[in-house]
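*Asks:* Mind looking over this structure? Questions follow.
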Amino acid sequence: AGAAGGAGGAAEGGAPAGGESRRRLKLLFEQEERGPVTALAAMQGMLLCAVGQKISIWKAERGELRPAGFHYAGFTASCAATLGNYALLGDACRGLQLVAWSKEKKCFEARSQRRDAASAFACEMTLDEADPNPANGLRVFLADAGRNLRIYSYSRQDAESRSGTVLLPRAAFHLGAVANHFLRLSLPPRGAPPAA
């Protein structure tokens, strides 16, 4: 598996179809893996890649991607999201795991998890800047197989979180439809004048 490109929009014989441009994707990196790539995410200028239970991180050096570290999640990662040095991994069967990349140790360190959640179809993280305690500001979103949106928080100070080892449930909504992707957007601060 790897990052590859094809001849998008080209008809048989390689000619562009119906006035489309001749732009093509170029293969930059190719790597054999022992299974399907189930999730990809960008993390601090590196590439996070999930192949079954193995989570690898690749770094670009001298025109090539080289392995920088790995982590065995203990489950098949179906989705991944990153924020800073944190990576959120969604389990194909049940649950979430939050890990942090240590640049000095060149490895992932387990931070928190949630094992009673349903199959993860999509996951995302964001910071809640309105929270007066910055340590409690990390919010985790999960779209599951039951067509639900679940929101969790990561907090090392809350007694229920067992020093941050358990993601705390904050809300759940039934969407009525399967969500398979989240998009994180930056919004203007509350009370800011609308853009012209």
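The values are calculated or read from the model by the stated rules, or taken from the named source; none is laboratory data. Just so it is clear, the model here is predicted, and its values are computed rather than measured. For neighbour counting, all protein chains shown are included, and Cβ atoms are generated from backbone atoms with ideal geometry for every residue, glycine included. The accessibility values were calculated without ligands, DNA or RNA, using every heavy atom of the protein model including side chains. Shrake-Rupley method; radii C 1.70, N 1.55, O 1.52, S 1.80 Å.
*Asks:* When residues of the stretch 92-109 are filtered for being open to solvent by 10 Å² or more (accessible area, probe 1.4 Å) and either modelled with pLDDT of 90 or more or not aliphatic (A, V, I, L, M) (or both), how many remain?
*Replies:* 12
*Asks:* Give the residue that is modelled with the highest pLDDT, with candidates limited to residues of the stretch 7-42 that are closer than 28 Å to Leu83 by Cβ and in a loop (DSSP other than H, G, I, E, B).
*Replies:* Checking each candidate, the answer is Pro36.
*Asks:* Check off (1) open to solvent by 80 Å² or more (accessible area, probe 1.4 Å); (2) within 22 Å of Lys106 (Cβ to Cβ); (3) among the aliphatic types (A, V, I, L, M) for Ala60 and give me the number that stays unchecked.
*Replies:* It fails just one condition, (1).
*Asks:* Continuing with the same structure: Please give the number of the condition Gln53 fails out of (1) farther than 29 Å from Val166 by Cβ; (2) at pLDDT 85 or above; (3) open to solvent by 50 Å² or more (accessible area, probe 1.4 Å).
*Replies:* Answer for Gln53: the failing condition is (1).
*Asks:* Look at Leu47 and say whether it is modelled with pLDDT of 90 or more and either more than 19 Å from Phe141 (Cβ to Cβ) or in a loop (DSSP other than H, G, I, E, B) (or both).
*Replies:* yes
*Asks:* Which members of the stretch 110-156 meet the condition of being at pLDDT below 70 and more than 14 Å from Cys79 (Cβ to Cβ)?
*Replies:* Ala130, Asp131, Pro132, Asn133, Pro134, Ala135, Asn136
*Asks:* Is it the case that Arg111 is under 20 Å from Thr165 (Cβ atoms), of a type in the set (Lys, Arg) and in a strand (DSSP E or B)?
*Replies:* Working: under 20 Å from Thr165 (Cβ atoms): yes; of a type in the set (Lys, Arg): yes; in a strand (DSSP E or B): yes.
Spelling it out, Arg111 is indeed under 20 Å from Thr165 (Cβ atoms), of a type in the set (Lys, Arg) and in a strand (DSSP E or B).
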